[in-house]
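For reference, the structure is listed below as structure tokens.
The values are calculated or read from the model by the stated rules, or taken from the named source; none is laboratory data. As the structure is a computational prediction, the values presented were derived from the model and not from experiment. Neighbour counts run over all protein chains shown; Cβ positions are idealised from the backbone, glycine included.
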């Protein structure tokens with residue numbers, strides 16, 4: 001394993017909110033994100049380039065679903081007001097436009113969410129013929145609920161969780177250095193240049209013309225929680241009929257919206273060198289900040305780092321060392337074979353962290 005690193009899947013997508021309890025309730029009720037991996041109320045000391053140069057108080061909850069997919073890191077400032085975007089975000093603006101939510105039965109989920117009065121589009125087909133629909137949460141964040149057969153453990157929920165993201169970039173060819181060369185999304189499923197796309201017409205800015213590419217990984221994600229996170233894809237869009245704006249223009253990381261895309265991985269030292277060689281060096285590195293010690297987040301610990309893609313979108317890497325599974329039992333991930341997946345029965349112990357609705 002010398003000179004290698006392993007991406008195990010999308011661990012979570014970060015979402016900045018104004019009320020963490022209200023937001024988590026919505027994500028539980030709609031997407032089944034009912035297992036609280038951690039609940040951390042501390043000061044963010046290491047993100048200074050993205051928080052105005054000062055440490056910021058915040059609370060973060062990592063919520064997942066045993067149905068499968070990556071989770072949501074729901075993030076709320078405690079010492080300042082979380083700011084909304086200063087302009088109408090449009091598809092193609094720089095940043096994460098939408099989270100892709102896996103769904104085994106798109107028509108059934110669409111009927112359910114429509115009956116609940118949620119904001120949804122009609123069912124459409126994407127560029128490779130898969131059914132999906134657009135949906136917004138009450139906080140203005142967009143979700144693409146898309147046909148996806150991967151399920152870790154059937155929980156009788158309408159959807160799985162995160163199976164990818166739609167990201168606005170200024171130049172797709174340059175962005176490939178990050179998403180293909182570093183993150184391993186090596187398979188081009190679809191690519192087109194400067195076209196209008198009917199399935200985009202339901203969202204803000206969707207009638208512009210775009211270069212568009214869908215990327216997947218051909219290598220099976222191995223080790224750790226990869227069997228829970230499942231396969232994923234990245235869809236990059238480059239708007240060609242206007243100049244895109246940065247979604248967090250004039251705001252801090254952690255303000256309202258999708259704040260980062262986080263990957264579970266192993267081999268931080270090797271990844272650090274690869275990112276540097278590709279021209280995308282770590283902008284945040286907990287290993288250096290803590291002089292080699294693990295970073296504690298609630299009862300969990302590990303290493304984390306960030307890079308920016310060519311449009312400034314933040315991508316986080318987490319190498320977990322310790323994760324509490326049930327009261328009195330924390331999983332030691334640092335000293336186990338990084339290529340060996342965790343047994344399903346062990347991952348299913350997380351059901352004891354399931355939120356009990358009152």
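Going through 67, 88, 76, 12 one at a time, which residue ends up being in contact (Cβ under 8 Å) with a residue 12 or more places away in the chain and over 18 Å from the mean Cα position of the chain (by Cα)?
Values: 67 fails: over 18 Å from the mean Cα position of the chain (by Cα); 76 fails: over 18 Å from the mean Cα position of the chain (by Cα); 12 fails: over 18 Å from the mean Cα position of the chain (by Cα).
None of the other options fit; the residue is 88.
Can you tell me which residue among 317, 282, 352 is surrounded by fewer than 14 Cβ atoms within 10 Å (Cβ to Cβ), modelled with pLDDT of 90 or more and either in contact with a strand residue (DSSP E or B) (Cβ under 8 Å, 6 or more places away or on another chain) or assigned to a strand (DSSP E or B) (or both)? Reasoning before the result, please.
Details: 317 fails: surrounded by fewer than 14 Cβ atoms within 10 Å (Cβ to Cβ); 282 fails: surrounded by fewer than 14 Cβ atoms within 10 Å (Cβ to Cβ).
Every option except 352 fails the conditions.
So if I check each of 291, 334, which one is modelled with pLDDT under 95, in a loop (DSSP other than H, G, I, E, B) and surrounded by 14 or more Cβ atoms within 10 Å (Cβ to Cβ)?
On the way: 291 fails: surrounded by 14 or more Cβ atoms within 10 Å (Cβ to Cβ).
Selected residue: 334, the only one of 291, 334 that is modelled with pLDDT under 95, in a loop (DSSP other than H, G, I, E, B) and surrounded by 14 or more Cβ atoms within 10 Å (Cβ to Cβ).
Would you check if there is a residue in region 16-30 being more than 18 Å from the chain's Cα centre (by Cα), surrounded by 21 or more Cβ atoms within 10 Å (Cβ to Cβ) and either in a strand (DSSP E or B) or at pLDDT below 95 (or both)?
At the first step, the residues of region 16-30 found to be more than 18 Å from the chain's Cα centre (by Cα) are 18-19, 21-22, 25, 29.
Okay, now just the ones that are also surrounded by 21 or more Cβ atoms within 10 Å (Cβ to Cβ), so none.
No, region 16-30 contains no residue that is more than 18 Å from the chain's Cα centre (by Cα), surrounded by 21 or more Cβ atoms within 10 Å (Cβ to Cβ) and either in a strand (DSSP E or B) or at pLDDT below 95 (or both).
Quick check on region 153-186: of everything there that is in contact (Cβ under 8 Å) with a residue 40 or more places away in the chain and over 30 Å from residue 269 (Cα atoms), which residue is surrounded by the fewest Cβ atoms within 10 Å (Cβ to Cβ)?
Ranking the qualifying residues of region 153-186, first place goes to 154.
Quick one: which of 267, 250 is at pLDDT below 95 and either over 16 Å from the mean Cα position of the chain (by Cα) or over 28 Å from residue 75 (Cα atoms) (or both)? Even if it seems obvious, please write down each step before you answer.
Details: 250 fails: at pLDDT below 95.
None of the other options fit; the residue is 267.
Could you go through region 187-197 and let me know if any residue there is buried (at least 21 other Cβ atoms within 10 Å of the Cβ), at negative phi and touching a strand residue (DSSP E or B) at 6+ places or on another chain (Cβ under 7 Å).
From region 187-197, those buried (at least 21 other Cβ atoms within 10 Å of the Cβ) are none; that's our starting set.
Within region 187-197, none of the residues are buried (at least 21 other Cβ atoms within 10 Å of the Cβ), at negative phi and touching a strand residue (DSSP E or B) at 6+ places or on another chain (Cβ under 7 Å).
Can you tell me which residue within region 102-130, out of those that are touching a helix residue (DSSP H, G or I) at 6+ places or on another chain (Cβ under 6 Å) and part of a strand (DSSP E or B), is modelled with the lowest pLDDT? Give the derivation first.
Just the residues of region 102-130 that are touching a helix residue (DSSP H, G or I) at 6+ places or on another chain (Cβ under 6 Å), to begin with: 103, 120, 123-124, 126.
Keeping just the survivors that are part of a strand (DSSP E or B) gives 103, 120, 124.
Numbers: 103: 98, 120: 82, 124: 97.
That would be 120.
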